[in-house]
1. Select from region 1-53 the residues that are of a type in the set (A, V, I, L, M) and within 16 Å of Ile110 (Cβ to Cβ) and list them in ascending order.
2. Would you be able to say whether some residue in region 31-41 is modelled with pLDDT of 95 or more, assigned to a strand (DSSP E or B) and under 14 Å from Val116 (Cβ atoms)?
3. Consider region 188-202. How many of its residues are surrounded by 12 or more Cβ atoms within 10 Å (Cβ to Cβ), part of a loop (DSSP other than H, G, I, E, B) and not hydrophobic (A, V, I, L, M, F, W, C)?
4. Among the residues of region 50-77, which ones are crowded, with 21+ Cβ neighbours inside 10 Å and under 20 Å from Tyr132 (Cα atoms)?
5. Which is of a type outside the set (Gly, Ala, Ser), modelled with pLDDT of 95 or more and farther than 21 Å from Val53 by Cα, of Glu203, Glu180?
6. Search region 170-187 for residues that are touching a residue at least 12 places away in the same chain (Cβ under 8 Å) and part of a loop (DSSP other than H, G, I, E, B) and pair each with any residue that is surrounded by fewer than 16 Cβ atoms within 10 Å (Cβ to Cβ) and of a type outside the set (A, V, I, L, M) when their beta-carbon atoms are under 8 Å apart and the residues are at least 6 apart or on different chains.
Amino acid sequence: METLALRIEHKPPEPSDEPSPTGHVWIERGESRAILLTPTEIDPAKRYPLITVLHGAGRQDEMLVKACRDEPENRDALFLVPRSKLGTWDLIASPERPDLDFLEYAYDLIYRRYPVDAGRQALLGYSDGASYALSVGLSNPHLFRAVMGWAAGFIALDSTFNLDDARKPAVLLEYGTHDEIFPFERVAVPMRENLRKAGYTVEFRVDQGGKHWPSADFLPEALDWFFSEPWEARS
């Protein structure tokens, strides 16, 4: 893959005579698609956090839409649930970058139509989606303040990434102690230690007896963590 960089900058919404759609909003380009979940009403004077939720291998995006359906009202935030073009994300499944290109398109569209809080954008992912969230989030610290992942297996950073110069998103990771795909001592513990050695703040949580399938508590508890943080405004 050429680069993991998202070649987009945050921008304020464009003036419009028509209100932007709310609820379940489809975003599509070619074979790529996502659903943006919004509060019932959007106040143009406010700025809304934007959480992107990434599925694992097998594309469980519809399941994640259902899991997140009440969160826009509960959190007063926007939730984007994209679907990988192939069976999993392009970093794993393709030498090209159809998913990253689509994310650029989706973010640009969202920024132009909705008042997004530039200082409160985050990625949340499961399994392959957690690895993708870490790789994309840490490679694009100008966009993301936090990354939350269940059972992340690896991190790949952009080839132009300079760890010393970058802002460092906060990281929340959770793993099951009986994960049959990513053994806890061989994957989870080294992931935590390597991130901390690199200077990242890591909230590390353990699901005792848990396997690779996420616990029902992961999503609400990860969101509780993100929304309880007093993120400082970014310049």
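1. Selection gives Leu6, Ile8, Val25, Ile27, Ala34, Ile35, Leu36, Leu37, Ile42, Leu50, Ile51, Val53.
2. Scanning region 31-41, I find at least one residue that is modelled with pLDDT of 95 or more, assigned to a strand (DSSP E or B) and under 14 Å from Val116 (Cβ atoms), so the answer is yes.
3. Counting residues in region 188-202 that are surrounded by 12 or more Cβ atoms within 10 Å (Cβ to Cβ), part of a loop (DSSP other than H, G, I, E, B) and not hydrophobic (A, V, I, L, M, F, W, C) gives 2.
4. Scanning region 50-77 gives Leu50, Ile51, Thr52, Val53, Leu54, His55, Gly56, Leu64, Cys68.
5. So the residue among Glu203, Glu180 that is of a type outside the set (Gly, Ala, Ser), modelled with pLDDT of 95 or more and farther than 21 Å from Val53 by Cα is Glu180.
6. Thr177/Gln208; Thr177/Gly209; His178/Gly209; His178/Lys211; Asp179/Lys211; Glu180/Lys211
Yes or no, residue by residue, for (1) in a strand (DSSP E or B); (2) within 12 Å of the chain's Cα centre (by Cα):
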{"position": "Leu50", "(1), (2)": "yes, yes"}
{"position": "Ala67", "(1), (2)": "no, no"}
{"position": "Pro72", "(1), (2)": "no, no"}
{"position": "Pro82", "(1), (2)": "yes, yes"}
{"position": "Glu96", "(1), (2)": "no, no"}
{"position": "Gly119", "(1), (2)": "yes, no"}
{"position": "Ala122", "(1), (2)": "yes, yes"}
{"position": "Ser135", "(1), (2)": "no, yes"}
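The values are calculated or read from the model by the stated rules, or taken from the named source; none is laboratory data. These figures come from a predicted structure and were not determined experimentally. Backbone-built Cβ (ideal geometry, glycine too); neighbour counts: all protein chains shown.
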